[in-house]
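We did not get these values from a lab; they are worked out from the coordinates using the rules stated. Remember, it's a predicted structure, so these values are computed and weren't measured experimentally. Glycine also receives a Cβ, built like all others from the backbone with ideal geometry; neighbour counts cover every protein chain displayed.
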Ligand code: MN
């Protein structure tokens with residue numbers, strides 16, 4: 001059973017001007033497609049061909065882990081956005097309360113998240129995740145890593161591989177990290193927190 005390229009839940013130009021259609025076409029249509037093709041080429045005849053993406057990430061290593069991790073990470077990344085929201089864009093309910101308790105305020109959380117993304121050396125991902133009790137954590141994950149490998153539930157992630165921002169922001173990774181908050185669909189993030 002081959003893993004599909006998860007379709008974008010919006011048009012290629014829906015995230016403009018914050019993330020361009022050119023970036024999305026490359027990022028989703030070329031980079032993610034390549035990870036999907038690589039995994040589908042690598043797993044036939046291995047114990048991984050019948051596993052979920054999450055189980056492959058937890059149980060594999062080497063090239064299979066790298067490609068499965070990148071597919072899982074990108075599926076979460078692309079699904080969490082929608083067209084830019086005007087005005088304040090905040091989580092609600094249980095998630096907002098948990099963030100305020102852990103970080104003091106939503107603004108402080110945002111600053112720390114941006115800082116962790118900006119200071120991750122090389123390629124990787126900055127994540128907001130929750131432990132089993134719903135306590136939130138910000139982590140830097142190198143390359144294709146995902147917080148499920150630490151027993152955490154992934155909620156929100158910003159991709160800091162250069163391919164995620166170079167067309168729109170060149171080398172200004174921090175500008176990209178501070179610019180994309182109006183795209184976050186907090187309904188999706190809230191849902192990830194409450195999934196059983
Ligand atoms: Mn990427």
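Close Cβ contacts (under 8 Å, 6 or more residues apart or on different chains) running from residues in region 25-37 that are within 16 Å of residue 65 (Cβ to Cβ) to residues that are within 9 Å of the ligand (Cβ to nearest atom) and part of a helix (DSSP H, G or I) comprise 35/70; 35/74. Scanning region 12-46 for residues that are within 23 Å of residue 176 (Cα to Cα) and more than 15 Å from the ligand (Cβ to nearest atom) yields 12, 13, 14, 16, 17, 18, 21. A search for C-beta distances below 8 Å between a residue of region 1-19 that is in contact (Cβ under 8 Å) with a residue 60 or more places away in the chain and any residue that is surrounded by fewer than 16 Cβ atoms within 10 Å (Cβ to Cβ) and in a loop (DSSP other than H, G, I, E, B), counting only pairs 6+ apart in sequence or on different chains, returns 10/83; 14/83; 15/83. Scoring residue 60 on the criteria (1) within 19 Å of residue 141 (Cβ to Cβ); (2) touching a residue at least 24 places away in the same chain (Cβ under 8 Å) leaves a single failure, condition (2). You will find that of 94, 80, 70, 86, the residue that is in contact with a helix residue (DSSP H, G or I) (Cβ under 7 Å, 6 or more places away or on another chain) and more than 16 Å from the ligand (Cβ to nearest atom) is 94 and no other. Close contacts from region 164-176, counting a first residue that is closer than 16 Å to residue 121 by Cα and a second that is away from the ligand (no atom under 16 Å from the Cβ) and in a helix (DSSP H, G or I), with Cβ to Cβ under 7 Å and a gap of 6+ residues or different chains, come to 173/118; 174/114; 174/118. Of all residues in region 156-192, those being within 16 Å of the ligand (Cβ to nearest atom) and crowded, with 18+ Cβ neighbours inside 10 Å number 15. For region 5-44, filtering for residues that are over 20 Å from residue 173 (Cα atoms), part of a loop (DSSP other than H, G, I, E, B) and in contact with a helix residue (DSSP H, G or I) (Cβ under 7 Å, 6 or more places away or on another chain) leaves 7.
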